[in-house]
Amino acid sequence: MRVLTPDLAKKSALSPFTKGFQHQLKFQAILSEASQLFNWQGSRATTLGEIAGALGLTKTCLYHYVKTKDDLIYQCYLASCDMWLATAHRSNQSQGSGLEKVVCMVEDHFHRFVKTLKGESACFAMLTEVSALTPAHGEEIRKRWKQIFGCCQSMVEEGMADGSIAKVNPKVVTLAIFSVLQWSQVWFDRRHASNATYIIGCVVDILAHGMAEKHHQFASIRYPNSTDCHVDHFDKKLQNQMKREAFYRVGAQHFNYHGYKGTSLDGIATALHVTKGAFYHHISSKEELLYQCFKRSIALERGLLLAAGKTARTGLARLELALRYLLHVQHSDQGPLIRYRALPSLDEQHRKDILKNSKENSALLGGYINEGVERGSLRGIDAEVAQHLLSGAIEASPDLSDHVPYDNGLELAADYLGVFVNGLSVQQKAR
């Protein structure tokens, strides 16, 4: 079924007095309300009855529009893909350089989200549980996302060809751009929407010109190795701790790929080659495993952030090390970190606990940014906005392995993190 946004509805050839027109508008309202609830509390915790109640409908009425909750999730994802593709096409057809087209797409995305927060536009679902869809539905969403990604990549390649964007791996640059857009729904709220012109300007400025005051050259570094320890194989307590660590690490892999709904404890036990009894001896439930995966990731993040602070001496150097440590651990045998898109699947108390600890980690990263700005290694950027963009980049970094091999950590860091440190623009900074 074709989804009409309010803007499309105005242009529809259907008369507003026809049943078809009214049906499409009601369907759009259902998708918007469902998307808002899915984004906030996850699909697992959201019921069709809750969605119907929020709209003043009965569940019976809702079944006239969707067959099941899984079908509704799929329809929400289709609507999101339509929105993303329309935004990308509109920007790609605009006048200007490749960089200007990318900037246009970023600005359009944020301005649309501002309208959503103000209740002037529909809400669209974050594509967080594609792997939990049926194989056919999942394949359709991936196919559409490939079109969206390709449209953005063509703008990046145009910018590299016309000299407005620095020539590096265009796929990596495109992933960096999408990390900004996808993460925006996590941090950009009504407070930011009330000062939208300034905030969006900060986002675009960082993307175009980077954070560094001078052009920053990435160099080889030594990564911390948390596995360098002598294990006492007769220490049962330590053995149990190592087993739990393995459960949390593999659990994070499954949650990241399959989503909460698509992850099974039996599947994780099989992947670890342990019996179900041995697994359940350490893990009581799927939600408990998810919570422990978050706690482990936050502890890893904090350790790496503190290590960067002790190793480097300037704000920029500490920021670079922190980002590269976090990027590296995502692709190491200690990774990946659990993705924050799984957070809505936790209960409210666990969610609050994780958010509190996450903010403490973010404060460390923000401290390095503020230090860099104050001492001149970073430009006069908005530290809060910069912190959010970098958090999104790290959150999305596991997706890099779908496009490029992690053979050369230096080259990948320079291309991916360089978007934020040096900016997209080829305009030369002082060296």
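The values are calculated or read from the model by the stated rules, or taken from the named source; none is laboratory data. Keep in mind that what you see is a predicted model, and the values were worked out from it rather than measured. Counting neighbours? That spans all protein chains shown, and the Cβs are built from the backbone with ideal geometry, glycine included.
A compact table of results
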item: Scope segment 38-57; condition more than 25 Å from Val186 (Cα to Cα) and either modelled with pLDDT under 90 or buried (at least 16 other Cβ atoms within 10 Å of the Cβ) (or both); matching residues; result: Leu57
item: Subset of segment 178-200 [within 21 Å of Val404 (Cα to Cα) and either out of contact with any helix residue (DSSP H, G or I) (no Cβ under 6 Å at 6 or more places or on another chain) or in the same structural domain as Arg339 (by TED's automatic domain parsing) (or both)]; result: Phe178, Gln182
item: Long-range neighbours under 7 Å by Cβ, at least six apart or interchain, first residue hydroxyl-bearing (Ser, Thr, Tyr) within segment 89-104, second part of a loop (DSSP other than H, G, I, E, B); result: Ser97/Ser164
item: Residue match in segment 361-369 (condition: within 20 Å of Arg191 (Cα to Cα), outside the structural domain of Arg142 (by TED's automatic domain parsing) and in contact with an Asp or Glu (Cβ under 8 Å, 6 or more places away or on another chain)); result: yes
item: Residue match in segment 327-336 (condition: modelled with pLDDT of 95 or more, touching a strand residue (DSSP E or B) at 6+ places or on another chain (Cβ under 9 Å), under 29 Å from Glu213 (Cβ atoms) and not charged (D, E, K, R)); result: no
item: Selection within segment 257-291 - farther than 21 Å from Thr128 by Cα, out of contact with any His (no Cβ under 8 Å at 6 or more places or on another chain), assigned to a helix (DSSP H, G or I) and among the small types (Gly, Ala, Ser); result: Ala269, Gly277, Ala278
item: Condition met for His254 (buried (at least 16 other Cβ atoms within 10 Å of the Cβ), at pLDDT 85 or above and over 25 Å from the mean Cα position of the chain (by Cα)); result: no
item: Any hit, segment 96-110, residues being touching a strand residue (DSSP E or B) at 6+ places or on another chain (Cβ under 6 Å) and in a helix (DSSP H, G or I); result: yes
item: Any chance Gly150 is surrounded by fewer than 18 Cβ atoms within 10 Å (Cβ to Cβ), at negative phi and assigned to a helix (DSSP H, G or I); result: yes
item: Filtered residues of segment 357-371 (kept if touching a Lys or Arg at 6+ places or on another chain (Cβ under 8 Å) and either surrounded by 18 or more Cβ atoms within 10 Å (Cβ to Cβ) or hydrophobic (A, V, I, L, M, F, W, C) (or both)); result: Asn361, Leu364, Tyr368, Glu371
item: Subset of segment 357-387 (residues that are in a helix (DSSP H, G or I), in contact with a Ser or Thr (Cβ under 8 Å, 6 or more places away or on another chain) and not basic (Lys, Arg)); result: Ser362, Leu365, Glu371, Gly372, Gln387
item: Among (1) buried (at least 23 other Cβ atoms within 10 Å of the Cβ); (2) more than 21 Å from Arg296 (Cβ to Cβ); (3) touching a residue at least 60 places away in the same chain (Cβ under 8 Å) - the single one Arg318 does not satisfy; result: (3)
item: Single residue of Glu384, Glu411 found to be closer than 15 Å to Lys167 by Cα, surrounded by fewer than 19 Cβ atoms within 10 Å (Cβ to Cβ) and not aromatic (Phe, Trp, Tyr); result: Glu411
item: Out of Leu85, Leu37, Leu25, Leu57, sole residue that is of a type in the set (A, V, I, L, M), part of a helix (DSSP H, G or I), out of contact with any Asp or Glu (no Cβ under 9 Å at 6 or more places or on another chain) and farther than 30 Å from Gly163 by Cβ; result: Leu25
item: Residue in segment 208-226 that is farthest from Glu301 (Cα to Cα), counting only those that are in contact with a helix residue (DSSP H, G or I) (Cβ under 7 Å, 6 or more places away or on another chain) and either outside any loop (DSSP other than H, G, I, E, B) or of a type in the set (Lys, Arg) (or both); result: Ala208
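Here's the yes/no breakdown for (1) among the hydrophobic types (A, V, I, L, M, F, W, C); (2) over 21 Å from the mean Cα position of the chain (by Cα):
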position: Ser43; (1), (2): no, no
position: Ile51; (1), (2): yes, yes
position: Tyr63; (1), (2): no, yes
position: Tyr77; (1), (2): no, no
position: Gly98; (1), (2): no, yes
position: Asp108; (1), (2): no, no
position: Phe113; (1), (2): yes, no
